[in-house]
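**Student:** The structure is given below, and queries will be raised subsequently.
The values are calculated or read from the model by the stated rules, or taken from the named source; none is laboratory data. Values in this document were obtained by computation on a predicted structure and should not be read as measured data. Because the Cβ atoms are built from the backbone with ideal geometry, glycine has one as well, and the counts that use them run over all protein chains shown. To get the accessible areas, we keep the full protein, side chains included, count just its heavy atoms, and leave off ligands, DNA and RNA. Shrake-Rupley method; radii C 1.70, N 1.55, O 1.52, S 1.80 Å.
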Amino acid sequence: QVQLVESGGGLVQAGGSLRLSCAASGRTFSSYAMGWFRQAPGKEREFVARIRWSGGSTYYADSVKGRFTISRDNAKNTVYLQMNSLKPEDTAVYYCAAGAWRSTREVYEYDYWGQGTQVTVSS
């Protein structure tokens, strides 16, 4: 099993920045993908970004490309989501997820999920 613990959510003003962290523990796999998703009230959970532990290949949703950066610290088993130039429409609960290396942007591709952390962007 894999356990994911998220932190870093909070309230920020539009144009501000925030960094989310996801600490992974438990059994890991040789090929592994970590994703960030978000869900606003009344909306489906949507893909934000993904990174692979091996090689660090990244993939972003168009809505956050150029503003958000996903990264990982292998030694700390931690994945980060650096969010810059935040907009009110970024307001959502953000979830960290773990899946097989081929996982990309679909919710069903991920096997483990964090508890979610609230990000609120005020105008």
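**Student:** Part of a strand (DSSP E or B), touching a Leu at 6+ places or on another chain (Cβ under 9 Å) and either at pLDDT below 95 or open to solvent by 60 Å² or more (accessible area, probe 1.4 Å) (or both): is that true of THR120 in this structure?
**Tutor:** So THR120 fails the test.
**Student:** Please give the number of the condition ASN77 fails out of (1) within 12 Å of the chain's Cα centre (by Cα); (2) at positive phi.
**Tutor:** (1)
**Student:** Next up: Suppose we filter ARG27, ARG50 for residues that are closer than 21 Å to ASN77 by Cβ, among the charged types (D, E, K, R) and open to solvent by 60 Å² or more (accessible area, probe 1.4 Å); which single one remains?
**Tutor:** Criteria check complete, one pass: ARG27.
**Student:** Cβ-Cβ under 7 Å, sequence separation 6+ or interchain: first residue in region 55-72 and surrounded by fewer than 16 Cβ atoms within 10 Å (Cβ to Cβ), partner part of a strand (DSSP E or B) and hydroxyl-bearing (Ser, Thr, Tyr). Which pairs?
**Tutor:** Hits for this filter: SER71/TYR80.
**Student:** What is the residue count in region 31-45 for residues that are surrounded by fewer than 15 Cβ atoms within 10 Å (Cβ to Cβ) and either within 13 Å of GLU109 (Cα to Cα) or hydrophobic (A, V, I, L, M, F, W, C) (or both)?
**Tutor:** 1
**Student:** To continue, here is another question. Do you know which residues across region 73-108 are of a type in the set (Gly, Ala, Ser), surrounded by 12 or more Cβ atoms within 10 Å (Cβ to Cβ) and not in a strand (DSSP E or B)?
**Tutor:** SER85, ALA100, SER103 - these are the residues of region 73-108 that are of a type in the set (Gly, Ala, Ser), surrounded by 12 or more Cβ atoms within 10 Å (Cβ to Cβ) and not in a strand (DSSP E or B).
**Student:** Run down ALA61, ALA75, ALA97 and say which single residue is in contact with a helix residue (DSSP H, G or I) (Cβ under 9 Å, 6 or more places away or on another chain) and either under 18 Å from GLN118 (Cβ atoms) or not acidic (Asp, Glu) (or both).
**Tutor:** ALA97
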